[in-house]
Amino acid sequence: MTLISFMRAGAIGAAALGATTALADAHRLDLSGETVEWIIPFSETGGSARWANFYAPLLSEALPGNPTVVVKFMPGAGSTTGANHFQGLSYEDGTTLFGSSGSTQFPYLLGDPRVRYEYGDWPVVLASGTGGVAYLPPAMAEAYAADPTALNDENFIYGAQSATGLDLVPLLAWEMLGLNVEPVFGIEGRGDGRLMFERGEANIDYQTSSSYLSGVAPLVEAGTATPWFSFGALDGDGNIVRDPTFPDMPSFKEVCEASPVCETSGTTWDAWKAFFVAGFPAQKMVFLANGAPEEAVATFTEAFASIKDRPDYAEISEAALGLYPQLTGAGAERAKSDATSVPDEARAFVREWLQDSYGIVLE
Amino acid sequence: MDVLATALPALGDAFGMILQPHVMGYLVLGVLMGLCIGVFPGLGGIAGLSLLLPFMFGMEPLTGLALMVGMVAVVPTSDTFSSVLMGIPGSSASQATVLDGFPMAKRGQAARALSAAFASSLFGGLLGAAFLSVFILIARPIVLLFQTPELLMITIFGLSMVGILAGRVAIKGIAAAGLGLLIGTIGQGSSAGALRMSTFDMPYLMDGLKLVIVGLSIFAIPEIVALLRQDKAISDRRTIGGGWLLGIKDWWTNIWLSARCSLIGVMVGVIPGLGGSVVDWIAYGHTVQTAKDKSQFGNGDVRGVIGPESSNNAKEGGGLVPTLLFGIPGSGSMAIFISGIALLGTGNIEVGPSMLKNNLDFTYAIVWLLALANVVGTLVCIAASGGIARLTNIRFALLAPFLFMIIAFAAFQSRQSIMDLVALFGIGFLGIMLRRFDWSRPAFLIGFVLASPAERYTNQAYQIAASRFRRSFEDGIDYIFSPIVIVLIIITIISVYVGLKNAKNIMAEGDVNAGSKRAPLLFLLVITAYVAFAYVNASLIPDYARMDRVFPVFVATVTLVCLAILLVQMRFLPDTHSLFADREAQDADINTHGLWSTLAWFGGLLLGTAIVGFILALAVFLVGFIRYRAQKSWVYAVAYGAAGIVFICAMAWSLNRDFPPGLLQQFVRLPWPLA
């Protein structure tokens, strides 16, 4: 690098920096005295409620003018009611937010008839990731460790919520490993699935990371459950690697590679990976309404970024969110595009798989 | 001994933690806030806790817990006010209290009923806490014994309470329960997501109807309308002085009943998945079954208040077990409680399997905070009951618009859609008709509440059992017929037998004379048409979703058989038979207003809301009702309307809620609360 080009780069950088600072001073919303409504398309009792309740008071502190931030629950039709409602709103003054979840993304990706919303219209200001861990009763985990085909004749029971929701990620994974898993539908939350496992009625289960740490880790300690694999996490190049929260656990990719029946390439793998990416690394996102101007997006992006910079952030967020990236700005944009687009082949594959395995027709 | 060695020091620590002035202060604050919300029908722990959540962040764990526990604990105590005084179940926990509590209030014994209820609540809460202190240490393996077949049997046991509450014509009661079950299956099936009695174009019904709306519609609306038509005060007698001492004496005489019902409350509360919405019915059923003289139940037997009220506070304690030990909320308010705990302090109290090991002192602190909150709440309620009981002496036409406003507001919290109000009105009309023709409303409600667990557990148990049978026959049999299941089957059979034997004597809703044949027959035909339609609708569900078809088809078939028997009986029985009960004929002399003119007021409010939004419509409704229906002066009416609007706005503002918008709001931008 020559001196001149170095200086030019420096000058551009300084100018850019100056411009951003100037922008920050001049064009930010002032929300003093306002009430920011954060719509959560689920009931007060779910994981999204916990996530939003965690962020709401912090957001109120971080936003210019310290507006009151209230979480408004609008449950219905697997979160599509609330999302459709939000789609109907257009940007006014930056006092309406929407928090979507994997259960909002999947119907959108699968072409569910209830979906009347379009993610492309909504600017994203935060993307929260998570991971998932599959676990087994200790005896079965041992048998599998000795021989990856040992469990192929077992009748597995899995407490499931809905095949078109996040459950499709573990269900497809187990099928790829050659297991015969029968989902028992109708549980009301993943916690009920864990309870079913603890009662010995279900003998295979998965939990998202924070629920695994609080609910299953004690079982592992007591010797009644054995972790099997984590779904993994994405590295900078979009490869699936070990989940940093569980560095000692193999990722699903490793388990799949070790199995004689599972392949880490081809349509099935691509479909699984696409839906995993849509459901976990960017599971929950915060959006502004359609038509939000630059300054509003910048205001909220900065607010969430400053929450992440709090010195006590790691400590206070661990219990509520787990150790996962909370992305803002360009990172959130990329996470959003990963989470709301799947290749056509993947979509077609999953739709066909849902129909063949569960008779579910989405039209 | 090992258990005691860890428990006693933790128990001591817990008392040291909670018996501090500032902790007690926050507890009292929580209790007072809970009372202010809990006295209004339909608003309970969920609304109250949502109000507290924003303050929980980073709060000192103990004070935050005291605030939240105080709020949760007092709701099943304070909701007794509207159950007893107005005949409106304040929350799902005190539905059964209405059956005997309200008739007592009508007889001028409101204070007696209230104090008996509060004494029972207090006792239930304390006994529940004492039981839990020991039980929580050994609860985990016991709770895990309750697998899906056991849960299914408990649900069926709950359904067997219909036998007690069926009314004079048992088949009619069963049909009412069947209708409740069918209405409970409306919406997406839990197994395969097939739609029952709903379409994608009507998203409201896809999620089914919510208990708060159905509970209010079935009990509150018919009661409000009936009282309005008679146009007098709830109680035509002056309150008997010193009634509240009598109530406590009543409780003391029935202390064993109270103790048994408390234990029922704790035990049903402990089992995750059932929630507490049937515990009061089970307690009521138990009270009736074990009573020697059953003739007064439904007409104001104080034991019918003591039983359910002892159980519903104890249930809150029981509900802590699945919440704290498994991290699985036993109810909606417990779910918010969990997320509240996660916000406290540095978030280091982890609800779930590690709670007992790491935070036994906190666990005990929560249990005993709950007990203390019960004491404080009861004292406040008893102190307030004398004054509040006087509400029953006010002319009801002055009370009704206000009550209706609160109920509509509470119903609207369910989905924040104007359809909430339509549902309230529609099911309310069904409730009026059920009341008129003496179809058991408790049976209907039990059916509705248990529809979803009954279907879910049936499907799940069937699926899991099939998998066990594939493994081996013994495996399957062991799974279905565990010792607990067998015991529950025996209890259920006894309960049904005793229930049906006595059902004729128990008139849960008082005696109703027979009228002519025509109106009861017409109503029966309408019900039959609905059930037949539901049958056809469910039977059209395609094969791949058959799990969602079996239950509604089965229930509809049984109900249709009952309805057919009733039709045949109607053909042959004389029109004086109790089958033709018709309250309209019986109350003809005391009704000063017609049904339709009374309903028109509420229909008008609904229509007005659809056009100009809730607040504007409400203003017109309040002023118009007081001026024209209650015949007060314009000044009085406007003042009443203004007070009502200010009150509801203050409530909505503090709870961060909006009001239903109408057509007007689509065209014109209006400031809150109009928009």
>> Any residue at all in the stretch B:83-103 that's within 27 Å of B:ASN656 (Cβ to Cβ), in contact (Cβ under 8 Å) with a residue 24 or more places away in the chain and more than 14 Å from the chain's Cα centre (by Cα)?
In response: yes
> What are the pairs, 6+ residues apart or on separate chains, where a residue within the stretch A:218-237 that is within 14 Å of another protein chain (Cβ to nearest Cβ) has its Cβ under 6 Å from a residue that is part of a loop (DSSP other than H, G, I, E, B)?
Replying inline: A:PRO218/B:PRO353; A:PRO218/B:SER354; A:LEU219/A:ALA225
> Of the residues that sit in the stretch A:41-52 and are part of a helix (DSSP H, G or I) and at pLDDT below 85, which one is surrounded by the most Cβ atoms within 10 Å (Cβ to Cβ)?
Replying inline: A:SER48
> Out of all the residues in the stretch A:212-235, which are in a loop (DSSP other than H, G, I, E, B) and within 17 Å of the chain's Cα centre (by Cα)?
Replying inline: A:PHE231, A:GLY232, A:ASP235
> Considering the stretch B:639-659 alone, what residues qualify as being surrounded by 13 or more Cβ atoms within 10 Å (Cβ to Cβ) and modelled with pLDDT of 90 or more?
Replying inline: B:ALA639, B:TYR640, B:GLY641, B:ALA642, B:GLY644, B:ILE645, B:PHE647, B:ILE648, B:CYS649
> Would it be correct to say that B:SER295 is among the hydroxyl-bearing types (Ser, Thr, Tyr) and either surrounded by fewer than 24 Cβ atoms within 10 Å (Cβ to Cβ) or over 19 Å from the mean Cα position of the chain (by Cα) (or both)?
Replying inline: yes
> When residues of the stretch B:53-67 are filtered for being part of a loop (DSSP other than H, G, I, E, B) and surrounded by 17 or more Cβ atoms within 10 Å (Cβ to Cβ), how many remain?
Replying inline: 2
> Do we have any residue at all in the stretch A:199-206 that's over 16 Å from the mean Cα position of the chain (by Cα), surrounded by fewer than 21 Cβ atoms within 10 Å (Cβ to Cβ), more than 8 Å from chain B (Cβ to nearest Cβ) and closer than 29 Å to A:THR80 by Cα?
Replying inline: no
> From the set of residues in the stretch B:355-398 that are among the aromatic types (Phe, Trp, Tyr) and under 21 Å from B:GLY128 (Cα atoms), which is modelled with the lowest pLDDT?
Replying inline: B:PHE362
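Within the stretch B:183-196, is there a residue that is out of contact with any strand residue (DSSP E or B) (no Cβ under 9 Å at 6 or more places or on another chain) and under 21 Å from B:MET419 (Cα atoms)?
Quick first cut of the stretch B:183-196, residues out of contact with any strand residue (DSSP E or B) (no Cβ under 9 Å at 6 or more places or on another chain) only: B:183-184.
From what's left, under 21 Å from B:MET419 (Cα atoms): B:183-184.
For the stretch B:183-196, residues out of contact with any strand residue (DSSP E or B) (no Cβ under 9 Å at 6 or more places or on another chain) and under 21 Å from B:MET419 (Cα atoms): present.
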>> Condition first: part of a loop (DSSP other than H, G, I, E, B) and of a type in the set (Gly, Ala, Ser). Now tell me which residues in the stretch A:236-254 satisfy that.
In response: A:GLY236, A:GLY238
> What number of residues within the stretch A:299-328 are surrounded by fewer than 21 Cβ atoms within 10 Å (Cβ to Cβ) and either in the same structural domain as A:SER210 (by TED's automatic domain parsing) or small (Gly, Ala, Ser) (or both)?
Replying inline: 5
>> Give me the helices (runs of 4 or more DSSP H) completely within the stretch B:525-624, filtered to those with at least 1 residues that are surrounded by 20 or more Cβ atoms within 10 Å (Cβ to Cβ), in contact with a strand residue (DSSP E or B) (Cβ under 8 Å, 6 or more places away or on another chain) and not aliphatic (A, V, I, L, M), ordered by residue number.
In response: B:547-572
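So if I check each of B:ALA503, B:ALA514, which one is modelled with pLDDT under 90 and more than 28 Å from B:GLY158 (Cα to Cα)?
Every option except B:ALA514 fails the conditions.
So which of A:SER259, A:SER265 is more than 20 Å from A:LEU151 (Cα to Cα), surrounded by fewer than 24 Cβ atoms within 10 Å (Cβ to Cβ) and of a type outside the set (Lys, Arg)?
A:SER265
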>> Within the stretch A:88-95, does at least one residue satisfy the condition of being in contact (Cβ under 8 Å) with a residue 12 or more places away in the chain, crowded, with 24+ Cβ neighbours inside 10 Å and either at positive phi or β-branched (Val, Ile, Thr) (or both)?
In response: no
> Which residues, taken from the stretch A:72-99, are modelled with pLDDT under 85 and at the interface with chain B (Cβ under 9 Å from one of its Cβ atoms)?
Replying inline: A:LYS72, A:PHE73, A:MET74, A:PRO75, A:GLY76, A:ALA77, A:GLY78, A:THR80, A:THR81
> Picking from B:LEU324, B:LEU370, which residue would you name as being assigned to a helix (DSSP H, G or I), crowded, with 23+ Cβ neighbours inside 10 Å and either of a type in the set (Asp, Glu) or within 14 Å of chain A (Cβ to nearest Cβ) (or both)?
Replying inline: B:LEU324
>> I need every pair where a residue in the stretch B:362-381 that is in contact (Cβ under 8 Å) with a residue 60 or more places away in the chain has its Cβ under 9 Å from the Cβ of a residue that is among the hydroxyl-bearing types (Ser, Thr, Tyr) and surrounded by fewer than 24 Cβ atoms within 10 Å (Cβ to Cβ), sequence separation at least 6 or different chains.
In response: B:TYR364/B:SER133; B:VAL367/B:SER133; B:TRP368/B:SER133
> Given the stretch A:274-354, what helices (runs of 4 or more DSSP H) lie entirely inside it while holding 1 or more residues that are within 22 Å of A:GLU37 (Cβ to Cβ), small (Gly, Ala, Ser) and within 14 Å of another protein chain (Cβ to nearest Cβ)?
Replying inline: A:313-321
> Of the residues that make up the stretch B:342-354, is at least one at pLDDT below 85, outside any loop (DSSP other than H, G, I, E, B), more than 22 Å from the chain's Cα centre (by Cα) and within 19 Å of B:MET33 (Cβ to Cβ)?
Replying inline: yes
> Restricting to the stretch B:399-456, what's the tally of residues that are within 13 Å of B:GLY180 (Cα to Cα) and in contact with a Pro (Cβ under 6 Å, 6 or more places away or on another chain)?
Replying inline: 1
> If you check B:ARG456, B:ARG435, which single one turns out to be basic (Lys, Arg), buried (at least 19 other Cβ atoms within 10 Å of the Cβ) and assigned by TED's automatic domain parsing to the domain that holds B:GLY215?
Replying inline: B:ARG456
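The values are calculated or read from the model by the stated rules, or taken from the named source; none is laboratory data. Predicted, not measured: the structure shown is a model, and the values here were computed from it. Ideal geometry is used to build each Cβ from the backbone, glycine not excepted, and the neighbour counts take in all protein chains shown.
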